[in-house]
Amino acid sequence: MSSNVPIPGGGATTTTGRSAARSRVATSSRWFYASVAVLALSALLIAFLALGEPWNLAPGMTASFSRSIVALVVTLVLVLPAFAVFRYERQSAGGRWHEPAWRPSLIGWAGLLVSLALAIGWHGLRLAFYIARVWTGEL
Amino acid sequence: MRRLLLAALAGLALLPAGVALAQTPELPGDCVVDENAAVQVLLLIDQSGSLARTDPDDQRLTGARAVVRSYASLADRVSQVEIQVAGFGQDYRPGEWMVLDQDTLATALERVDAVGSVEDQLHTDYVYAMEGAAGAFAGSDASCQILFWFTDGEHDLDEDYLADGLERNYFPELVTQANVTEAEALMPGLICDAGGYADQLGAAGVSAQIMLLGTESQLDDASRRVLQGMGGDPSLQCGPGNGSFQSVDDASRLPFIMACASQVGAYQLTDAAPDVNGNLMVNEAVVDAGPAPYQLATEVRLITRGSAGSPPDLAATTLPDPSTTSDADSGMNVVLARPVGAPFSVEMSGVSEACVWVAAQAATPVVQSSAPSLYQDEPAEFLVVADGPHGRLEGEALGRIQVDSENGQVSAPDGTGWSIRVSALPIAGSFDVRVEMVSGPGLTQSVTQTFPLNEQINAPAIVTQPGPVSGEGLGPFAVDLEVDPRDGGELCLTPPGAAMTAANGEVINATAGFAGADCLQMEAGPVQTVTIDLTLDRSGFAHQVLEIPTRSVPATSPDRAEEGLLAIDFEVTPRANPALVAVIVVGLMLLMLALLWAILYGVNRLIGRIPDPRRNRVRYAEFAVEVSPTEYGELDMSLAEAPVDSQFRLPRRTPSRLDAGSFRMQRMVSPIPWLPPYARIGMGTDVIGAHQGPGLPGRTLVTEGSYRGRARDALGPLVVIGLSQTQLERLAEGTSQKAHGVLLFDIRTARGADASRIAAEIIDDSLGLIAAEFTAMNMVADMERTGEA
């Protein structure tokens, strides 16, 4: 991540001063913050789905299975599309932005990485172990 | 973890020595519903001619049907239900006893219709009615006897129908208009006096449920004494007073009242009532507000009434397969739903009045010892848990249950159960723990559990049960035990193993041992940690408490031994194929990375799109440039022919390419996602010079072939000229050349002649800067060639 982070709605993007341009900038800014929020909340949701669940999945643990499947679905349906919006809006911003400690871009990237790490490293891995155990034990 | 502990402790419990009979809500007359109860019901229906006036729509039939259905629902909870449907008026018209259950219900309802629809009797004679009822119950050995008596009025030998006289067996003469008053006056004495029919019924254990269509105030004193006295008012001195009495003056309410009055084996939720909009909601909270926790409820009966012709509707329910019996004439609807121990709701609409009953099953206490072995003269702790009809009860529900034991102090429930502490176990071979569990009124269960006691022989003993153990594959799995050697001796596993059932139903045999041996020799000393190895004969998914009996022999008394039980909460899974795990995880990672790459690459392609000149009103114009070298070795560029506004053209554009005459802009997106996209700009010539015009961050450059620009350079203003290598060589020889150029220009900034003038100015300014860049580049090239600093 660079030291000068372009962000929609910041800096020199409003060069024309026309209302249409201002509207585009405002819309872009809203999409950007919405995508950051979705990334952060999805990370929290995926983490929540991991709480209290046993490492070993066993037959009959329907709720536990569902939580892991839901986490993967959230990753595919919410996190990755939100990251696409996040990336597009950030890349399409023309201006530069003075960054506070917790800038939205950092939250967005952290949300993405936490989501992916938990989805693969916890939910995916326990499902993988279960599949591998079933393969060993039943097939 | 708590469940695991419970399961482990459950393994320690021995089979109960005896379970007391469940007590559930009572039948009329304090008769308890249980599996040994034999119930006899005499449904006695008034057949007097006055019913044509008081109940013209035969609502009593609907009510009587509800009564029969209510008792039929008892059939699967008692040993037998028998019913007889009889009529009375001036005579008693007996029916026949028949077994009542769901199979015979239809036949019983037909008898109700046959008897209840008759209204041809001219008089209403209570004496004959009670004489017949007493005769019907004579010799009965049923444990529960119920007389459900419906009448629409008082005892009346109607003078208008006496004609030549009416023969009555309790009056010595024919009853005529002259002596009818005298005959009627005998009635209360014959029924209520000592030895009368009320006493005979009471002595036989019969409880009377009396339903009057009308009001008590309309009755004469004699009839009121009989009906209300037998109906439970002891002050009227008519029978044992073990019955109930209810009256209703509106015939349309009769089915509802009779249905409510005949509910047995259940308790009523008195707070359940419809709201002002006629909606009635019964859920677990409503049931929980009753005398017993909702987890014990097995059936909810919603008897509701709307209005004549419009019975309430079952709007919604979360319970499966509710049964609904609705009667449009009386506007009554009876819904039976069966809770399953989880939160639920049943919603009715169009309700004007309702009575809600709940059938519940008493929780059964299960007593477990918290230690694997019990010893005489030592303190002990027992755990009591409650099993309901839908499974084990936990949490707040336990707070509603009262547990008592004569054997020790019972603690408050801790969310899983109660503990009973015994300060010192008796010196005996066994110890009986008796527990009484009261779940609500009439919901009492008691159990006596016998635990064997060991003599204190100081053999090695397992101090506490091991914690949960989990593993994969076949083992061996190490289980650490805390063992107190006491006086030393031998601790054996007998047998050294146990079986568990896998999730697919297969049996997995676990073999346990102390480093391969069944027994462990121990010297006297402090508590030691001993490891047991568990080995399985097959792999599978299983989670169970392995119960392995133990036998300890003290070194000091080898001829004596004590038994114990080792309980291991053991969870095992098949061994995972690590290669397969790796393949799946890598596949998942690759999938995610591929999607991420696709997103980044796709976004770069979107970002790198060349703006649409049509939308941004960008046009291009081609022009000719006169390029000539000066005497100082510089280049001079001047506009040979300025474009006019009529020559402005719309560039051809796709998101990846823009063509404006000989000018070309190509979008370039790297597959490496962190490299930003750019636009390659060229004229198809060997050398180009370009200047991004005023109004934007200026940029002038001269380069070979093409240069790396930005997609939004396509918005202009941009001046680009192209020169071939031949032209450059001729310029170097001092010969002027004509070059070709292209201007990209936003036509919104000017129109008509202004556009032509501004375009010429932009090109002029840009050519000066480009020429300077050319000159500077040539100077640098000369200096590099000559080595000049």
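The values are calculated or read from the model by the stated rules, or taken from the named source; none is laboratory data. Everything quoted here is computed from the prediction, not taken from an experiment. Cβ placement follows ideal geometry from the backbone for every residue including glycine, while neighbour counts extend to all protein chains displayed.
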Next item on the list: Search the range B:662-679 for residues being crowded, with 18+ Cβ neighbours inside 10 Å and touching a Phe, Trp or Tyr at 6+ places or on another chain (Cβ under 9 Å), and hand back the single one that is nearest to the other protein chains (Cβ to nearest Cβ).
Entry: B:Val669
Note to self: With the requirement that a residue be part of a helix (DSSP H, G or I) and either in contact (Cβ under 8 Å) with a residue 40 or more places away in the chain or outside the structural domain of B:Cys144 (by TED's automatic domain parsing) (or both), what does the range B:166-218 give you?
What the structure shows: B:Met187, B:Pro188, B:Leu190, B:Ile191, B:Cys192, B:Tyr197, B:Ala198, B:Asp199, B:Gln200, B:Leu201, B:Gly202, B:Gln218
Check: Residues B:Asn616, B:Asn604: which one is in contact (Cβ under 8 Å) with a residue 60 or more places away in the chain, farther than 30 Å from A:Trp55 by Cβ, out of contact with any Leu (no Cβ under 6 Å at 6 or more places or on another chain) and not in a strand (DSSP E or B)?
Finding: B:Asn604
Margin query: I'd like to verify a number: residues in the range B:349-377 that are out of contact with any helix residue (DSSP H, G or I) (no Cβ under 9 Å at 6 or more places or on another chain) and under 29 Å from B:Leu393 (Cα atoms), how many?
Written below: 8
Notebook entry, point to check: Within the bounds of the range B:198-215, is there any residue that is modelled with pLDDT under 90, of a type in the set (Ser, Thr, Tyr) and buried (at least 20 other Cβ atoms within 10 Å of the Cβ)?
Noted result: yes
Next item on the list: Go through B:Val276, B:Val282 for me and flag whichever is surrounded by fewer than 23 Cβ atoms within 10 Å (Cβ to Cβ) and either among the β-branched types (Val, Ile, Thr) or assigned to a loop (DSSP other than H, G, I, E, B) (or both).
Entry: B:Val276
Notebook entry, point to check: Which of (1) in contact (Cβ under 8 Å) with a residue 24 or more places away in the chain; (2) in contact with a strand residue (DSSP E or B) (Cβ under 7 Å, 6 or more places away or on another chain); (3) of a type in the set (A, V, I, L, M) does B:Ala397 not meet, given it meets every other one?
Noted result: (2)
Note to self: Between a residue in the range B:524-545 that is within 14 Å of another protein chain (Cβ to nearest Cβ) and any residue that is β-branched (Val, Ile, Thr) and outside any strand (DSSP E or B), which pairs come within a Cβ distance under 9 Å, given they are 6 or more apart or on different chains?
What the structure shows: B:Ser539/A:Thr136; B:Phe541/A:Val134
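To keep it simple, each residue is scored yes or no on (1) basic (Lys, Arg); (2) within 7 Å of another protein chain (Cβ to nearest Cβ); (3) touching a strand residue (DSSP E or B) at 6+ places or on another chain (Cβ under 8 Å).
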| residue | (1), (2), (3) |
| --- | --- |
| B:Ala567 | no, no, yes |
| B:Ala579 | no, no, no |
| B:Met589 | no, yes, no |
| B:Met592 | no, yes, no |
| B:Ala598 | no, no, no |
| B:Val603 | no, yes, no |
| B:Ile610 | no, no, yes |
| B:Asn616 | no, no, yes |
| B:Tyr620 | no, no, yes |
Next item on the list: Would you mention how many residues in the range B:762-789 are under 14 Å from B:Leu728 (Cβ atoms) and either buried (at least 20 other Cβ atoms within 10 Å of the Cβ) or not assigned by TED's automatic domain parsing to the domain that holds B:Phe623 (or both)?
Entry: 3
Check: Does B:Gly587 count as small (Gly, Ala, Ser), within 36 Å of the chain's Cα centre (by Cα) and outside the structural domain of B:Leu520 (by TED's automatic domain parsing)?
Finding: yes
Check: Taking B:Ile721 and the conditions (1) over 60 Å from the mean Cα position of the chain (by Cα); (2) assigned to a helix (DSSP H, G or I), which numbered condition does it fall short on, given that it satisfies the others?
Finding: (2)
Margin query: For the structure I just gave you, tell me whether B:Glu571 is of a type in the set (D, E, K, R), touching a residue at least 60 places away in the same chain (Cβ under 8 Å) and buried (at least 19 other Cβ atoms within 10 Å of the Cβ).
Written below: no
Item checked: Check on B:Gly290, at pLDDT 85 or above, assigned to a loop (DSSP other than H, G, I, E, B) and not assigned by TED's automatic domain parsing to the domain that holds B:Ile401 -> yes
Notebook entry, point to check: Looking at the range B:418-513, what strands (runs of 3 or more DSSP E) fall wholly within it and have at least 1 residues that are within 14 Å of chain A (Cβ to nearest Cβ)?
Noted result: B:469-472, B:477-484, B:497-501, B:507-513
Item checked: Boolean, B:Val226 is surrounded by 19 or more Cβ atoms within 10 Å (Cβ to Cβ) and more than 49 Å from the chain's Cα centre (by Cα) -> yes
Check: Does B:Gly232 satisfy being within 53 Å of the chain's Cα centre (by Cα) and of a type in the set (Gly, Ala, Ser)?
Finding: yes
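Within the range B:325-362, restricting attention to residues that are among the β-branched types (Val, Ile, Thr) and in a strand (DSSP E or B), which residue is surrounded by the fewest Cβ atoms within 10 Å (Cβ to Cβ)?
B:Thr325
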Check: (1) surrounded by 15 or more Cβ atoms within 10 Å (Cβ to Cβ); (2) more than 60 Å from the chain's Cα centre (by Cα); (3) farther than 30 Å from B:Ala753 by Cα; (4) charged (D, E, K, R): which one isn't true of B:Glu631, the others all being true?
Finding: (1)
Next item on the list: Name, by its number, the condition in (1) within 37 Å of the chain's Cα centre (by Cα); (2) within 30 Å of A:Pro54 (Cα to Cα) that does not hold for B:Asp533.
Entry: (1)
Notebook entry, point to check: If you go through the range B:403-438, how many residues are surrounded by 13 or more Cβ atoms within 10 Å (Cβ to Cβ) and either hydroxyl-bearing (Ser, Thr, Tyr) or within 19 Å of B:Pro293 (Cβ to Cβ) (or both)?
Noted result: 15
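State whether one or more residues within the range B:651-659 are away from every other protein chain (no Cβ under 13 Å) and out of contact with any strand residue (DSSP E or B) (no Cβ under 8 Å at 6 or more places or on another chain).
yes
Residue-by-condition table, conditions (1) under 20 Å from B:Ser244 (Cβ atoms); (2) touching a Cys at 6+ places or on another chain (Cβ under 8 Å); (3) at pLDDT 90 or above; (4) not in a helix (DSSP H, G or I):
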{"site": "B:Leu43", "(1), (2), (3), (4)": "yes, no, yes, yes"}
{"site": "B:Pro56", "(1), (2), (3), (4)": "no, no, no, yes"}
{"site": "B:Ser70", "(1), (2), (3), (4)": "yes, no, no, no"}
{"site": "B:Ile83", "(1), (2), (3), (4)": "yes, no, yes, yes"}
{"site": "B:Gly95", "(1), (2), (3), (4)": "no, no, yes, yes"}
{"site": "B:Ala114", "(1), (2), (3), (4)": "no, no, yes, no"}
{"site": "B:Gly132", "(1), (2), (3), (4)": "no, no, yes, no"}
{"site": "B:Ala142", "(1), (2), (3), (4)": "yes, no, no, yes"}
